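Any read-out appearing in this document is the output of simple, stated calculations on the displayed coordinates, not a laboratory observation. Keep in mind that what you see is a predicted model, and the values were worked out from it rather than measured. Cβ atoms come from the backbone with ideal geometry, glycine included; neighbour counts cover every protein chain shown.
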Amino acid sequence: MRKTVIIGLGNILLRDEGVGSWIVQELQKRKLPPQVEVIDAGTTSPDALLSEGNIQKVVIVDALKGEGEPGALYRVPFNELLCKQDFPFSLHQFGLLHSLWFMPGCEEIVVMGVEPEEIGWGWGLSENIKKKLPEITDLILKEVNYAGNGV
């Protein structure tokens, strides 16, 4: 069975910068189908975990500074991300991008970026992002369902 992998990135010691990790914790509370795997990569690259080759889709969740309101969710297809010369956000796992590019058999890679409100030293999400966390998590699960995984 081919699977979808959701990877949460971010530093939980920098407030909303850690949103990917906090979303993974929310996802782990939910009943997910067996073909959906959730990885909290934090600030490390999970590229070794992705080398098994039985992955249909990868969804990367990270903070993304755009022009929207705090908590806005951006969907960036991987091929668009690689075409940009200046990334509009800080994907600290540039090695991960290269690993994903060469991953055999993966049909789709997408970045789901959450507009942060507050990035700076501190524990936990800002109040606005914390309030929107269930809604953001639901939207990410809809993205997984988009891949035909029946969530």
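Other residues within the sphere of radius under 13 Å centred on the Cβ of ALA72, judged by their own Cβ, net out at -3 (K and R +1, D and E -1). Tally Lys/Arg at +1 and Asp/Glu at -1 over every other residue whose Cβ is under 11 Å from the Cβ of ILE129; what's the total? Cβ neighbours under 11 Å give a net charge of -4.
When the pairs LYS29/LYS142; LYS31/LYS131; LYS3/LYS142 are compared against a 18 Å limit on Cα-Cα distance, LYS31/LYS131 fall above it.
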